[in-house]
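To start, the structure under review is shown below, and the notes come after it.
Derivation of every value follows stated rules applied to the coordinates shown; laboratory data play no part. Since the structure is predicted, the reported quantities are computational estimates derived from the model, not experimental observations.
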Amino acid sequence: MKTPPRAIESPLFEAASEVKLQWDYDDNMKKPPSQITIRGQMPSGYFEPGTTKPLYWYIAQNISAPNKMYTWNTITQSPPGYTLREGTGYKLFIIDSSIGWDNSTHVYPGKLFQFMLPFSMYNSRYAQTNDGVPKGYNPNAAARPTMSR
């Protein structure tokens, strides 16, 4: 799997949005998967109910792999009973569906090894940047101040 540039430590995804995921395989991929599964993991401190196991959820299962892209709705495709919140420590996994989750960390020559991408979530505050600006205000139509000499 080709990964984001090393300069990108942890990509930021907007909470309550649609995230467009896209990937490609490197030259070592001799047997690309026909279907993939995308799974998420909540940050530390979130556990499977009644256990101390990390909280995982399926974002998408058995999607056609040749497309090499998927649009993730972070509202409807979040862990049942949880809302994805602003913060760090999330993980996204892409695996070969034919191998399955339990075997995805085993090495199969020429096949997709479990790919993990750490990421962070943020809340957009874009709508707040226009607080106090009258609706329909056009700064280009505003009167220009006169210059005094």
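For a straight C-alpha distance cut-off of 15 angstrom, the aspartates and glutamates reachable from Lys30 (same-chain residues fewer than eight places away being disregarded) are Asp96. In straight-distance terms, cross-link reach from Lys53 covers every one of the aspartates and glutamates whose alpha-carbon lies under 20 Å from its own, apart from those fewer than eight places away in the same chain; here that gives Asp102. On full extension, the segment bounded by Tyr58 and Asn138 gains 24.3 nm, given 0.36 nm per residue less the C-alpha separation.
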